[in-house]
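Visitor: Can you keep this structure in mind? I'll have questions shortly.
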């Protein structure tokens, strides 16, 4: 189940815990590269896998873990400040 954003790009990283996943997207801006993320919960409808942005109370622990890992990844890959 590959997801792409409207520009057709693929995510640069995926973090998943059970049915909860985060996709991290690389973007280019005036000040260089920056990252954004999306969250989804996967579920099966018959034989087809689908995703939703709707979560329940049982998803909260997995969301917490995924969000911490997203933060760590984004900090690790943040552009380094240039020395003057």
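Visitor: Taking the 0 to 90 degree range and rounding to the nearest ten, how far is the long axis of helix 60-76 tilted relative to the main principal axis of the chain, both from C-alpha atoms?
Guide: 20
Visitor: Under the definition of Cα pairs under 8 Å and six or more residues apart, what whole-number percent is the relative contact order of the chain?
Guide: 24
Visitor: Pick out which of 47, 14, 26 has the largest mean-square fluctuation in a Gaussian network model of the chain, springs linking Cα atoms closer than 10 Å.
Guide: With Cα springs under 10 Å in the chain, the top fluctuation among 47, 14, 26 is at 47.
Visitor: At 10 °C and a viscosity of 1.306 mPa s, what translational diffusion coefficient does Stokes-Einstein give for the chain, taking Rh as the Kirkwood radius over Cα pairs? Give it in µm²/s as a whole number.
Guide: Values: Rh = 14.3 Å.
It diffuses with D of about 111 µm²/s by this estimate.
Visitor: Stretched out fully, how many nm does the piece from residue 9 to residue 67 gain, at 0.36 nm a residue minus the Cα gap?
Guide: Gain on extension, residue 9 to residue 67, equals 18.7 nm.
Visitor: Same structure, new question: Ranked by Cβ crowding within 10 angstrom, fewest neighbours first, how are 55, 37 ordered? Write down the numbers at each step before the final one.
Guide: Numbers: 55 15, 37 18.
By the 10 Å Cβ count, ascending: 55, 37.
Visitor: Once the piece of chain linking residue 76 and residue 17 is laid out straight, how much longer is it, given 0.36 nm per residue of separation minus the C-alpha distance between them?
Guide: 19.2 nm
Visitor: If we count other beta carbons within 10 Å of each Cβ, what is the order of 59, 45, fewest first?
Guide: Values: 59 17, 45 7.
So the ranking, lowest neighbour count to highest, is 45, 59.
Laboratory data are not the source of any read-out in this text; all were calculated from the coordinates shown. Because the structure is a prediction, the values reported are computed rather than measured. With ideal geometry, Cβ positions are generated from the backbone for all residues, glycine too; neighbour counts draw on all protein chains shown.
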